[in-house]
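Visitor: Before I ask anything, here is the structure I am working with.
Nothing in this text is a laboratory measurement; each read-out follows from the coordinates by a stated rule. Keep in mind the model is a prediction, meaning the values are calculated, not measured. Backbone-built Cβ (ideal geometry, glycine too); neighbour counts: all protein chains shown.
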Amino acid sequence: MRLRIAPDVLALFPEALIGVVRVRGCDNAVQSPEIAALLRQAEAGARAAFAGAALAEEPRIACWREAYRAFGASPKKSPSSIENLLRRVTKGEALRPIHPLVDLYNAVSLEHVLPAGGEDLERIQGDVVLCRAGAAEPPVLLLGDTEGRPPHPGEVIYRDELSALCRRWNWKEADRTKLTAATRQAILVIEALPPTRRPELEQALADLAARITRHCGGEAGISVLDAGATELDLGSAAD
């Protein structure tokens, strides 16, 4: 199983960085008050940092708004995951704990102001590709939806051999490959566009990997894909 960035994405976003945490043998059902505390701390930090701010003008949010427009999506109707997360938190919402991997990547996402997401590797078929959607993509049921809809042609998606895993780059993830309490093998991604640079992304990845191994056990390996390194061997989902 491999993860790769397609040339059509790099043609539009040559400076894109895709950070990867490959998780093996974790316990995603563990109950930990420490994880809940990390999430609450991240929320408090985000509220303090962005109190009264115009989020659309924040450079680390604006870059995703520009990216969405570049592939034909409306950032108002479908905001990036980091913008959506920050808007919820700065309005006073406390994020509902889901399970460790999601709670941990949400905390890191807020702390570093970077979009993050994840998939259960045992639910993925074949390779994962970050690409632009074709004209005949199959419908995909997104988390929280009641019916499947196909991605729009040209939008950036993660997909496997069956269908999209995440639409509009990091807007919404598919129900089919979602992380659950039963997840043991996972791929988590943290994505960056300028002004965020590689060292900042690598720090976010290191923070996430360290927290996963501390709270969930298992192993967590870090990689970064870019225009010079477009593929990553994920190994077998059974590893």
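Visitor: On a full-extension model of 0.36 nm per residue, what is the gain between residue 143 and residue 94, subtracting their alpha-carbon distance, rounded to one decimal in nm?
Guide: Difference between extended and current length: 15.7 nm.
Visitor: Here's a follow-up. Compute the length gained on full extension between residue 162 and residue 197: take 0.36 nm times their separation in residues and subtract their Cα-Cα distance, giving the result in nm to one decimal.
Guide: Net length gain for the segment: 9.3 nm.
Visitor: For residue 127 and residue 44 in the same chain, what is the full-extension length gain: residue separation times 0.36 nm, less their Cα-Cα distance, in nm?
Guide: The residue 127-residue 44 span can extend by a further 26.1 nm.
Visitor: Nearest 500 deg cm²/dmol is fine: what mean residue ellipticity at 222 nm does the chain get from its DSSP H runs of n ≥ 4 alone, each adding -39,500 (n - 2.57), divided by its residue count?
Guide: -10500 deg cm²/dmol
Visitor: Continuing with the same structure: Each label point is 7 Å from the Cα along the Cα-to-Cβ direction; what then is the distance between the points at residue 213 and residue 29, in nm?
Guide: Here the modelled spin labels are 2.5 nm apart.
Visitor: Putting +1 on Lys and Arg Cβ atoms and -1 on Asp and Glu Cβ atoms, find which of 72, 115, 194 reaches farthest to the positive end of the dipole of the chain.
Guide: It is 72, whose Cα lies furthest towards the positive end.
Visitor: Here's something else I'd like to know. About the Cα centre of the chain, what is the dipole size in debye to 20, counting +1 per Lys and Arg Cβ and -1 per Asp and Glu Cβ, all else neutral?
Guide: The dipole of the chain has a size of about 600 debye.
Visitor: Considering the chain, which cysteines have no disulfide-compatible partner, defined as another cysteine with its Cβ under 4.7 Å away?
Guide: 63, 131, 166
Visitor: Separate question: Could you pull out the trypsin sites (Lys or Arg not before Pro) across segment 56-130 that fall in loop regions by DSSP (anything but H, G, I, E, B) with no more than 13 other Cβ atoms inside 10 Å?
Guide: Sparse-neighbourhood loop trypsin sites (Lys or Arg not before Pro): 76, 77, 91.
Visitor: Compare the Cα positions of 216, 7, 44 along the charge dipole of the chain (+1 at Cβ of Lys, Arg; -1 at Cβ of Asp, Glu; about the Cα centre) and return the one farthest towards the positive end.
Guide: Looking along the dipole axis, the top candidate is 44.
Visitor: Once label points are set 7 Å from the Cα along Cα→Cβ at both residue 223 and residue 11, what is their separation, rounded to one decimal in nm?
Guide: 2.5
Visitor: Mind sorting out which of [x] 49, 40, 34; [y] 45, 44, 39; [z] 44, 40, 35 is the real Cα extents along the principal axes in Å computed from the coordinates?
Guide: Looking at Cα extents along the principal axes in Å for this model, the match is [y].
Visitor: Taking only C-alpha pairs under 8 Å that are 6+ residues apart, what is the relative contact order of the chain in percent?
Guide: Relative contact order comes out at 38 percent.
Visitor: Still on this structure, I have one more. Mind checking segment 145-239 for GluC sites (Glu not before Pro) that DSSP puts in a loop (not H, G, I, E or B) and that have at most 11 other Cβ atoms within 10 Å?
Guide: 147, 161
Visitor: Can you name the helices of the chain, as whole DSSP H runs, whose Cα span along the helix axis is 15 Å or more and whose Kyte-Doolittle mean is not below -0.5?
Guide: Within the chain the helices that satisfy the rule are 33-50, 100-112, 198-216.
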